[in-house]
Amino acid sequence: MEPVTLIVAAIALGASDGARETTKQVIGDAYTAVKGWITDRYSSVTAEVEGLEREPDEELRRALLAKKLDQAGAGDDVELLGLAQALLVAVEDQAPELPATVGVVIRRASVGGDIEVEDVAVDGGSGVVAEDIAAAGDLRIGRVAARAHREPPNPTQAREQ
């Protein structure tokens, strides 16, 4: 998973209703650390983080935050990546019942041209979910890998990456 994609997934998962309803302090602390790091170091993306918090399941919000984080250079931020990985590990350990990962979700889209989705890989979830789509051109989906069983993350390995 690309570093920025992992960071966005961590923010979305930490902001989800399931995580907020969980009384696990470790998840809240890890989420606060990731969000705080982003808003302190990359203040230009604060609005996108807040938007994703309001709609953590909205793929367009995720994509916009990923784009803005990438533009700000967050993909090279080793400390932020470590914080995001720690949050994902905390959720896996403390709240494994939270929804599985979805690689790409497209809902209520009307496009004047083609829609192309490629190179999607997820563990423990769905590769692509598309609902209520209208495209004047073609819809092409290729190279999707969605593994049904997700290995539990290795906290030691996550810290080393």
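Bear in mind that the values in this text are calculations on the coordinates, not laboratory data. A quick note: this is a predicted structure, and the numbers were derived from the prediction, not measured. Using ideal geometry, Cβ is built from the backbone for each residue, glycine included, and neighbour counts are taken over all protein chains shown.
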- Item | Hz values of 3J(HN,Hα) by residue in the stretch 36-42 - Karplus curve (6.51, -1.76, 1.60), Gly and Pro given as x | x, 4, 5, 5, 6, 8, 10
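How would you rank 73-80, 137-144, 30-37, highest first, on the average number of other Cβ atoms within 10 Å across their residues?
30-37, 73-80, 137-144
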